[in-house]
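The values are calculated or read from the model by the stated rules, or taken from the named source; none is laboratory data. For clarity, every value in this text was computed on a predicted model and none was experimentally measured. Glycine also receives a Cβ, built like all others from the backbone with ideal geometry; neighbour counts cover every protein chain displayed.
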Amino acid sequence: MSRCISFTVLQDRRYRKTFAGSGLRSATTDLGDGTVMHFWVPKTHKPGKPNLLLIHGVGANAMWQWYQFIPRLTGKFNVYVPDLVFFGKSYTSRPERTEGFQAECVMRGMEALEVRRMEVVGLSYGGFVAYSMAAQFPAAVERVVIVASGVCMEEKDLEKGLFKVGSVDDAIAVLLAQTPEKMRELMRFTFYKPAKIMPSCFLVDFIDVMCTENLKERKELIIALHKNRKLSDLPRINQPTLIIWGDKDQIFPLELAHRLKRHLGENAELAIIKHAGHAVNVEKWKEMYKHMKAFLVDRPLSSKDEHNGNNLKAD
């Protein structure tokens, strides 16, 4: 008996049409060291527009996390959307698993696309990558938006009970859910108001399509993110930075947003969105877009901003 049509596959096709209909095309770049990066890139790069890089988090591919924003951003920017290594069509045979390596791969991919100056938005895990890009490549990254990303977390935070989970293994079991029960738990952690009815058949379909590839490597990414992490080791970036957070985030509690603001000082601003969980890009995407637009579109870069970003040296 043939398998029923996958709802997840149909949604994926719908989002692909949204990206294509907004002027983007799929492009794959071989970095030549066993690493291949997939990007959504402009069909026609317009030199008069600024470049905007959108970096996704752990979970479904980049299309699922940015589809709401793409039609609104492509008219204002040359938009680039990568699949991070071990997500979508991007992969590597190299052993590195840090966000610094992910940042290096994205930057090398952008250089291959002949894009050398950009503004960067990072969502959740993508925020770690965006921050690392700003630290490693200050001449390339002009402004940064960090969304619901625990960049300032420390390894000891887990022991002190800051998070809902008690161990890294528990976090992996939820973040990389492989059963309907764990997927429901992830939804409860991720959304302020999760769906009340989540049929197992839909959850199993989503897991089969989106959550089973490169599972071992994705676990290693999460382990590397947490291991030996100390705030004292985190470089202080100088680029103008907007921090966006849901006030009910249970994955990365709001304390981490305030900690990041303190770490960056006057160079950063914090926008807290009420009645939103970790999936602020889904639950409150209109408010998130409003803050992004005010920061990236309505407020042009000053010569002082450009000077700050381009002269930072990473620690």
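Would you check which residues across the range 74-107 are closer than 20 Å to Arg14 by Cα and either in contact (Cβ under 8 Å) with a residue 60 or more places away in the chain or under 15 Å from the mean Cα position of the chain (by Cα) (or both) and list them?
Those that are closer than 20 Å to Arg14 by Cα and either in contact (Cβ under 8 Å) with a residue 60 or more places away in the chain or under 15 Å from the mean Cα position of the chain (by Cα) (or both): Val79, Tyr80, Val81, Pro82, Asp83, Phe87, Gly88, Lys89.
Which one of these does Ile237 not meet: (1) at pLDDT 95 or above; (2) farther than 30 Å from Arg143 by Cβ?
Checking Ile237 against (1) at pLDDT 95 or above; (2) farther than 30 Å from Arg143 by Cβ, the one that fails is (2).
Answer yes or no: is there a residue in the range 272-281 that is buried (at least 16 other Cβ atoms within 10 Å of the Cβ), modelled with pLDDT of 95 or more, assigned to a helix (DSSP H, G or I) and not hydroxyl-bearing (Ser, Thr, Tyr).
yes
Residue check, Asp208 against (1) assigned to a helix (DSSP H, G or I); (2) buried (at least 22 other Cβ atoms within 10 Å of the Cβ), all met but one. Which one?
Of (1) assigned to a helix (DSSP H, G or I); (2) buried (at least 22 other Cβ atoms within 10 Å of the Cβ), only one is false for Asp208: (2).
When the range 212-255 is examined, which residues are found to be more than 16 Å from the chain's Cα centre (by Cα) and crowded, with 23+ Cβ neighbours inside 10 Å?
Ile237, Gln239, Pro240
Looking for something in contact with a Ser or Thr (Cβ under 9 Å, 6 or more places away or on another chain) and of a type in the set (Val, Ile, Thr) - is there at least one such residue anywhere in the range 228-246?
Scanning the range 228-246 turns up at least one residue that is in contact with a Ser or Thr (Cβ under 9 Å, 6 or more places away or on another chain) and of a type in the set (Val, Ile, Thr).
Which residue pairs have Cβ atoms closer than 7 Å, lie 6 or more positions apart in sequence or on different chains, and pair a first residue in the range 27-40 that is touching a residue at least 12 places away in the same chain (Cβ under 8 Å) with a second residue that is among the acidic types (Asp, Glu)?
Val36/Asp30; His38/Asp83
Could you please tell me which pairs satisfy a Cβ distance under 6 Å, a separation of 6+ or placement on different chains, a first residue in the range 4-20 that is farther than 17 Å from Ser200 by Cα, and a second residue that is of a type outside the set (A, V, I, L, M, F, W, C)?
Correct list of pairs: Tyr15/Tyr67; Thr18/Tyr67.
Of the residues in the range 194-211, how many are more than 20 Å from the chain's Cα centre (by Cα) and closer than 29 Å to Cys152 by Cα?
1
How many of the residues in the range 98-122 are of a type in the set (Asp, Glu) and either more than 19 Å from Thr29 (Cα to Cα) or at pLDDT below 95 (or both)?
2
Going by the structure shown, is Glu185 in contact with a helix residue (DSSP H, G or I) (Cβ under 6 Å, 6 or more places away or on another chain), of a type outside the set (Phe, Trp, Tyr) and crowded, with 22+ Cβ neighbours inside 10 Å?
no
Let me spell it out: the conditions are (1) under 22 Å from Met63 (Cα atoms); (2) buried (at least 20 other Cβ atoms within 10 Å of the Cβ), and Tyr289 meets all of them except one. Which number is the exception?
Among (1) under 22 Å from Met63 (Cα atoms); (2) buried (at least 20 other Cβ atoms within 10 Å of the Cβ), Tyr289 violates only (2).
Somewhere in the range 76-89, is a residue modelled with pLDDT of 95 or more, surrounded by fewer than 22 Cβ atoms within 10 Å (Cβ to Cβ), closer than 20 Å to Arg218 by Cα and not charged (D, E, K, R)?
Yes, there is a match, as at least one residue in the range 76-89 is modelled with pLDDT of 95 or more, surrounded by fewer than 22 Cβ atoms within 10 Å (Cβ to Cβ), closer than 20 Å to Arg218 by Cα and not charged (D, E, K, R).
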